[in-house]
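All remarks here apply to the structure that follows.
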Amino acid sequence: MLTAFLRAFRTPDLRRKLLFTICMIAVFRLGAALPTPGISESAVHACIGIASAQGGSVFALVNLFSGGALLKLSVFALGIMPYITASIIVQLLTQAVPRLQALKDQDRAGQATITQYTRYLTIGLAVIISVGYVELARTASLFPGTDCSAANHPLIPDPSVLTMATMMVTMVAGTAVIMWMGELVTDRGIGNGMSVMIFTSVIAVFFGELEQIYLTWGIPMTLEVIAVAVAVIAFVVFIEQAQRRIPVQYAKRMTGRRVYGGATTYIPVKVNQAGVIPVIFASSLLSIPQLAASLLGNQNNPPGWVAWVDRYLVPSVHGLPVYYLAFFALIIAFTYFYTSITFNPTEIADNTRKYGGFVPGLRPGPPTASYLGYVLTRLTTPGAVYLAVIALFPMVALGTIGIGSQALFSGVSLLIMVGVGLDTVKQVESQLQQHHYEGFLARSVRPAGNVIGTSEAPAALKVS
């Protein structure tokens, strides 16, 4: 991986793309550290310190995706989560709304329209979410279970309507800027822009939490945490690279004196076809009751449903495993659901038949689609269990060794780091291959140079 990046920096075009991506990451981290107007920084840091000492916050996962900006109430406090949620909703609606399905089947114009719908939905979700978080900041309910309150540690010293409206506008604008920067990275940088932003957020929180564990528990416990993380990362890399290759043979056809086709390729079906989306979706769904309890509940005399949410739907190593069981079940369900949306065996079978391909031993059309569906079902089962186990294993393992309440990162962060890292390295290597055909061409013309008695190819045949 390091060799690939070093070779990329020696290529001018790739070097510009890498430097542009690094600059966008720097701006993203600057916005994550820039406080929102109207916030008391001293009160925010005091409440973060109290929450860390008492085992974190129920908004730890959302804070992870924002790179720690949510609990700091910075300009980029909402992070990339509104865009992720909007993208998932649009993908789901595409399968149910004929109009969106027709746009998806079109060329760039249809995709551009769907992208515009996703942007509008992102802004709408950001407005709704910003209202909730500003209200939580006003009442200091972002840190439940601590002594942070509007009277003790006021996060907003002057909770006027103008101040709160300014905070909401700033947060929504921050989400729009993040969305814009992600699209710029996709167009002019390396990798998928939104994935790079999530990767940056996770990395920013990950090492800070390791430092917190080191300061609290010392070197031996830190080494145990690193060992658990390395073992999980190795397993994730192994599974993420695993795939079932279904062979496809293309029939030969003759046009004039030339023969076309006859090639053999394969359809790659990954074990984890859904990626990390089911885990993110399940985490977001489980965070809704926690957010509602913080917004609508009374801290002094909480209603019965708020007490039930605090007892069963908040991750705790000392409580009942209802949260973990619900998390496990939701990941399994969303994995099957999302895989069925993103991988359509009938469509793949029709496209294969359209281009003259067939799976050896199977007739094109419905038999091929049935076989692809059978293979997909058998691979989705271990893939779904793998996602659920990876998402829960670090929390359970770290809870077993006694620091589960101190470590906010989970298998979600490890999945994102490994998945985005592998995808980015593959894109760098593919672009390096496109920029390094010079050696192949030089070898192909070298015999001509030897024939005419020179050790170098003619200048007209050199590739710049």
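Give me the net charge for the shell around Val375: Cβ to Cβ below 12 angstrom, other residues only, Lys and Arg +1, Asp and Glu -1.
+4
Which cross-chain or sequence-distant (5 or more) residues have an amide H under 5 Å from the amide H of Leu34, H modelled 1.01 Å from N in plane?
Val75, Phe76
To the nearest 0.05, what FRET efficiency results for Leu6 and Leu223 with a Förster distance of 25 Å applied to their C-beta separation?
0.25
Which value, in Å² and to the nearest 10, is the accessible area of Tyr324 when all protein chains are kept and the probe is 1.4 Å?
40
Within a Cβ distance under 14 Å of Thr216, other residues only, what is the Lys/Arg minus Asp/Glu net charge?
Here the charged neighbours net out to -3.
Can you list the residues, at least 5 places off or on another chain, whose amide H is less than 5 Å from the amide H of Gln243, using H built in the peptide plane?
Correct list: Val271.
Just reorder His153, His45 by solvent-accessible area, largest first, 1.4 Å probe, all chains present.
His45, His153
Using a 1.4 angstrom probe with every protein chain in place, what is the largest-first accessible-area order of Phe281, Phe235?
Final ranking, largest accessible area leading: Phe235, Phe281.
Would you calculate the separation in nanometres between label points at Ala112 and Ala33, each defined as 7 Å from the Cα along the Cα-to-beta-carbon direction?
A separation of 3.9 nm, rounded to one decimal place.
Just to check I understand the Karplus step: with θ = phi - 60° and J = 6.51 cos²θ - 1.76 cosθ + 1.60, what whole-Hz values come out for region 353-361, glycine and proline as x?
Taking θ as phi minus 60°, the curve returns 5, 4, 9, x, x, 7, 7, x, x Hz for region 353-361.
Leaving out ligands, DNA and RNA, and with a 1.4 Å probe, what % of the accessible surface on region 146-284 is carbon or sulfur?
Whole-percent figure for carbon plus sulfur exposure: 64.
With a 1.4 Å probe and all protein chains kept in place, how do Tyr386, Tyr371 rank by accessible area, largest first?
The most accessible residue leads, giving Tyr371, Tyr386.
Using only protein heavy atoms and a 1.4 Å probe, report how much of Asp107 is accessible, in Å² to the nearest 10.
130
To the nearest 0.05, what FRET efficiency results for Arg15 and Leu422 with a Förster distance of 30 Å applied to their C-beta separation?
0.85
Quick query: amide H of Val248 versus all other amide H atoms, modeled in the peptide plane; which residues come in under 5 Å with a sequence gap of 5 or more or a different chain?
Result for Val248 returns Thr265, Tyr266, Ile267.
How much net charge surrounds Pro82 when only the other residues with a Cβ under 15 Å from the Cβ of Pro82 are counted, with Lys and Arg +1 and Asp and Glu -1?
That sum, taken over residues with Cβ under 15 Å, equals 0.
The values are calculated or read from the model by the stated rules, or taken from the named source; none is laboratory data. What you see is a predicted model, and the numbers here were worked out from it, not measured in a lab. All Cβ positions, even for glycine, are placed from backbone atoms using ideal geometry, and neighbour counts span all protein chains on display. Ligands, DNA and RNA are stripped out before the accessible areas are found, and what is left, the full protein with its side chains, is counted by its heavy atoms. Shrake-Rupley method; radii C 1.70, N 1.55, O 1.52, S 1.80 Å.
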